[in-house]
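The values are calculated or read from the model by the stated rules, or taken from the named source; none is laboratory data. Only a predicted model underlies this, so the values are computations on that prediction, with no experimental measurement involved. Note that each Cβ is placed from the backbone with ideal geometry, even for glycine, and that neighbours are counted across all protein chains shown. With ligands, DNA and RNA removed, areas are computed over all heavy atoms of the protein, side chains included. Shrake-Rupley method; radii C 1.70, N 1.55, O 1.52, S 1.80 Å.
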Amino acid sequence: MKRIIILASTLILGLSGFVLSEITEEGVKYQESEEAGGLEIIYTKPVKGVLFSHKLHVKELGLPCESCHTAIFEMEAFKSQRNPDFIMDSLYKGKYCGACHNGQTAFASNTKCATCHVGVKGLERLKKKAQVLEKK
Amino acid sequence: MERKNNPVVQGVISKEEFTQNWLQFLTEFLSGSKGFYILLILSGLIVFISAMFGVNAIYVGYSHVYGIYREIPWGILISGYVFFVVISTGLSIISSIGHVFGVKSLIPIGKRAVYLSIVTLFAGFMVIFFDVENPFRMAIWNALSPNLTSNIWWMGTLYGISLIFMIFEFLLILLSKHRYATIFGFLTLISKVLAISNLGAVFGMLYGRDFWYGPFIPIYLIASAISSGSTAIIFFTYLGYRIRNERLDKSMELALQVVGKLWALSLAILIFIVFWKIITGLVGSEAQRLAIRELMFGKYAPNFWFFEIFLGLITPFFLLFVSKFRNLNQMFAASLLSFIGIFIMRFDMVVIGQIVYHFFEYKVTDFPVILTYKPTLHEIMLIIGACAFCVFSFLIGEKVFKGHHTEIH
Amino acid sequence: MNWKEFFKNLKTEEQGCVPDETRREFLKIGLIITGVAAGGSLLNVVSVVAEGLATSEELSKEYPYKPHYSMVFRVDRCIDCERCVEACRQTNNVPEYGWRTKILERVDTKAVDQQRQFMPILCNHCNNPPCVRACPTQATYKDKQTGIVKMASYKCIGCKSCMSACPYDARYFNEEKRAIDKCDFCWESRLSKGMKNTACAEACPAGVRIFGDLSDPNSEVYKIVHQMGKAVWVLKPETGAKPNVFYTIG
């Protein structure tokens with residue numbers, strides 16, 4: 001079943017070639033093109049401007065969907081943001097991004113703060129980018 | 001002070017004589033040619049229009065209509081202020097050589113120079129009035145809460161005082177009280193020289209700004225003052241005689257020759273100073289290097305090479321020698337070009353000092369390394385208005401004071 | 001700034017030409033670490049500070065202000081969530097068009113690994129403040145007790161000299177107050193009412209901003225500034241303004 005969902009979404013996201021972008025209260029998500037390899041998701045809560053990039057993790061690093069979906073993350077943007085424990089402490093304990101960003105699989109969550117965090121400036125910048133894509 | 005020195009009150013001259021004088025001024029004023037009045041009305045109109053711009057700026061708020069902003073808080077209005085007060089200082093210096101230090105050959109230009117010095121200083125004050133956000137608070141707190149380490153305080157206060165001195169000086173010259181006029185001329189000179197050095201220090205003492213910091217600007221400005229003063233004298237004397245349709249007499253011709261030579265000398269000194277400022281700046285701190293590079297090779301290169309160097313320094317220097325200090329038409333042309341060059345010099349001096357972003361070395365994305373400043377219509381109109389005011393007052397002065405003729409005693 | 005302070009400042013600036021013995025003495029004085037000494041290599045500063053440290057009591061006595069307010073940024077922890085900026089706006093009524101504190105984004109595409117860093121800035125409350133010297137009417141002044149560079153708004157004539165004097169871009173013209181406005185370490189809005197922390201430091205979720213009394217050896221700022229393990233630096237030390245805002249890592 002999981003396989004099928006993943007396959008389906010791969011088809012939708014990866015192959016069908018629609019450009020998607022959405023700016024909501026919760027954050028921003030956008031996809032540049034079908035080749036991009038997936039959604040870019042920018043969280044705004046609890047703090048503004050955390051970027052998760054499918055493009056980076058899937059396309060460039062080649063991580064399989066299964067490494068995240070759906071054991072760590074649901075296939076629904078901002079789902080985890082709605083949980084009250086979507087904070088750094090959980091990451092340090094190995095939840096969410098911290099599952100890999102623990103210093104072994106990937107750089108630890110308590111280092112390089114400004115790589116995941118693009119901040120208000122990054123948020124605004126990516127918002128603009130998403131808006132441009134939305135118009136297309 | 002006013003009471004004591006007022007010649008009317010003191011009975012130095014009778015009341016009748018005084019009113020007679022004024023009547024004479026009035027009839028003289030009404031005797032101009034058509035061209036004169038056209039010019040007068042035109043310049044008056046420009047003053048009026050730019051005053052409207054100024055009023056609008058006050059109403060809307062300066063920050064909304066001026067091109068200055070947080071990172072570049074001083075713009076073309078400050079440049080304009082520097083432009084006018086440096087001319088004013090130069091006029092005082094040169095006129096005082098004649099009627100304070102008694103160099104006879106320079107006496108003929110004295111009266112006009114003092115008059116124009118008042119006018120240009122006033123124009124400077126008008127410009128700064130529209131730059132300072134709370135000019136009325138300035139009047140109060142400059143007196144009640146002076147900061148003696150502040151060069152701005154000294155500069156403003158000294159220029160204020162010198163304006164009063166100059167007005168007395170001029171009145172006394174008009175009344176032919178030459179001994180008293182000399183005293184006031186001397187006081188004017190001292191206050192003006194101190195004021196301009198403080199004006200330079202306003203920039204030179206800012207140790208957060210590498211391009212300005214140091215003794216360069218006070219020295220540069222005093223040399224500039226002599227140059228600008230000579231420019232103004234040649235420019236306006238020539239025009240004055242043109243307007244009144246008179247021929248220069250021998251003594252005036254001689255005086256202009258002397259001014260021309262002084263001017264050439266000051267230009268040579270200026271070229272020297274600017275040369276070394278640039279050379280030393282090119283090897284200085286990174287901030288200063290960036291500023292000077294922007295001035296010489298960046299967006300400001302046309303300003304620098306064409307206006308500052310070519311129009312402001314080289315061409316006048318060259319023209320002066322070609323004219324052999326005799327050909328007035330050539331000297332006038334030199335002064336006209338040099339006026340343009342000088343204004344751009346002031347503009348560059350003020351703007352380049354702020355053009356490098358404060359945190360340029362940190363690779364900040366929020367601001368470029370080199371900031372930009374573009375004067376807005378309001379700012380430009382105010383400058384044009386102040387220039388028109390000078391022309392307007394000059395025209396009136398020529399008529400009312402009958403060409404500022406001075407009798408040599 | 002009055003004349004006495006003026007000459008005092010001159011004296012501290014002269015340390016370049018004093019003999020070694022006196023120089024040692026000078027190093028003991030906390031004043032000079034606040035900027036001047038940071039002119040050299042960064043590591044150097046810290047070790048110099050530690051070396052010159054006689055007893056902490058002596059050091060604290062030498063700070064010119066009590067409390068000597070100061071802020072330290074653990075700059076690498078900043079994530080530009082701008083809660084500090086928001087808090088500052090609300091606490092001090094900072095309008096949209098201005099700021100008292102700001103986060104700058106530094107990007108170095110040639111850097112190895114991490115290529116972005118956020119750098120908070122605010123008024124450095126310099127010991128030798130160029131703005132205070134420039135102000136014609138003493139509308140901005142160095143508070144004698146706390147060392148905070150404050151504004152007496154009613155005296156401000158709006159000549160903007162302090163803005164061009166400031167090496168840190170810390171000042172802006174506030175149209176509502178018709179005066180220059182700047183960070184006062186929340187003196188007016190909080191400290192004077194007995195609170196101990198600034199709004200920005202309190203709002204920071206990442207522990208970037210640490211505010212305290214640099215003359216108190218038990219304060220966190222003191223401990224961060226006076227240690228050898230990590231580099232501590234100030235911005236633009238070459239201006240000689242001797243800032244009281246420090247930056248460090250971690």
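Overview of results
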{"quantity": "Neighbours by Cβ (under 8 Å, 6+ apart or cross-chain): first from region B:88-114, within 15 Å of B:L187 (Cα to Cα); second of a type in the set (F, W, Y)", "calculated": "B:S96/B:F186; B:V100/B:F186; B:V114/B:F170"}
{"quantity": "Output for region A:23-56, where each listed residue is away from chain C (no Cβ under 14 Å), open to solvent by 20 Å² or more (accessible area, probe 1.4 Å) and either at pLDDT 90 or above or at positive phi (or both)", "calculated": "A:G37, A:F52"}
{"quantity": "Yes/no for A:L91 being at negative phi, hydrophobic (A, V, I, L, M, F, W, C) and under 10 Å from the mean Cα position of the chain (by Cα)", "calculated": "no"}
{"quantity": "Residue in region B:152-161 that is more than 18 Å from B:P218 (Cβ to Cβ) and free of Cβ contacts under 8 Å to residues at least 60 places away in the same chain present", "calculated": "yes"}
{"quantity": "Meets criteria (free of Cβ contacts under 8 Å to residues at least 40 places away in the same chain and either within 14 Å of chain C (Cβ to nearest Cβ) or surrounded by 14 or more Cβ atoms within 10 Å (Cβ to Cβ) (or both)) for B:L282", "calculated": "no"}
{"quantity": "Residues of region A:85-120 that turn out to be touching a Gly at 6+ places or on another chain (Cβ under 7 Å) and buried (at least 21 other Cβ atoms within 10 Å of the Cβ), as a count", "calculated": "5"}
{"quantity": "Flag for B:S117 being of a type in the set (S, T, Y), away from chain C (no Cβ under 11 Å), open to solvent by less than 30 Å² (accessible area, probe 1.4 Å) and more than 25 Å from B:M381 (Cβ to Cβ)", "calculated": "no"}
{"quantity": "Filter pass, B:V65 being modelled with pLDDT under 95, under 14 Å from B:T182 (Cα atoms) and open to solvent by 10 Å² or more (accessible area, probe 1.4 Å)", "calculated": "no"}
{"quantity": "Residues satisfying the stated conditions in region B:70-80, i.e. outside any loop (DSSP other than H, G, I, E, B) and open to solvent by 10 Å² or more (accessible area, probe 1.4 Å)", "calculated": "B:I76, B:I78"}
{"quantity": "Selected residue [more than 20 Å from A:L61 (Cα to Cα), in contact (Cβ under 8 Å) with a residue 12 or more places away in the chain and surrounded by 19 or more Cβ atoms within 10 Å (Cβ to Cβ)] from A:L133, A:L123", "calculated": "A:L123"}
{"quantity": "Residue in region B:333-353 that is in a loop (DSSP other than H, G, I, E, B), crowded, with 19+ Cβ neighbours inside 10 Å and in contact (Cβ under 8 Å) with a residue 60 or more places away in the chain present", "calculated": "yes"}
{"quantity": "Residues of region B:170-203 satisfying the condition of being free of Cβ contacts under 8 Å to residues at least 40 places away in the same chain and closer than 23 Å to B:G156 by Cα", "calculated": "B:I183, B:F184, B:L187, B:I190, B:S191, B:S197, B:G200"}
{"quantity": "Some residue of region C:119-132 being part of a helix (DSSP H, G or I), out of contact with any Asp or Glu (no Cβ under 9 Å at 6 or more places or on another chain) and at the interface with another protein chain (Cβ under 7 Å from one of its Cβ atoms)", "calculated": "yes"}
{"quantity": "Among the residues listed as C:T137, C:T146, the single one being part of a loop (DSSP other than H, G, I, E, B), among the β-branched types (V, I, T) and more than 19 Å from the chain's Cα centre (by Cα)", "calculated": "C:T137"}
{"quantity": "Selection count, region C:230-249, where residues are within 14 Å of chain B (Cβ to nearest Cβ) and in a loop (DSSP other than H, G, I, E, B)", "calculated": "7"}
{"quantity": "Some residue of region B:363-375 being part of a strand (DSSP E or B), touching a Gly at 6+ places or on another chain (Cβ under 7 Å) and open to solvent by 30 Å² or more (accessible area, probe 1.4 Å)", "calculated": "yes"}
{"quantity": "Residue in region B:181-197 that is more than 12 Å from chain C (Cβ to nearest Cβ), out of contact with any Gly (no Cβ under 7 Å at 6 or more places or on another chain) and within 22 Å of B:I352 (Cα to Cα) present", "calculated": "yes"}
{"quantity": "Residue in region A:129-136 that is part of a loop (DSSP other than H, G, I, E, B) and either under 16 Å from the mean Cα position of the chain (by Cα) or modelled with pLDDT of 90 or more (or both) present", "calculated": "no"}
{"quantity": "Counted residues, region C:105-147 - those being farther than 30 Å from B:I140 by Cα and either of a type outside the set (F, W, Y) or open to solvent by 40 Å² or more (accessible area, probe 1.4 Å) (or both)", "calculated": "17"}
{"quantity": "Among residues of region A:117-136, those that are of a type in the set (G, A, S) and either away from every other protein chain (no Cβ under 14 Å) or touching a helix residue (DSSP H, G or I) at 6+ places or on another chain (Cβ under 8 Å) (or both), counted", "calculated": "1"}
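This table checks each residue for (1) in contact with an Asp or Glu (Cβ under 9 Å, 6 or more places away or on another chain); (2) within 14 Å of another protein chain (Cβ to nearest Cβ); (3) over 20 Å from C:A87 (Cβ atoms).
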site	(1), (2), (3)
C:R178	yes, yes, yes
C:D181	no, yes, no
C:S189	no, no, no
C:S192	no, no, no
C:E202	no, no, no
C:G207	no, yes, no
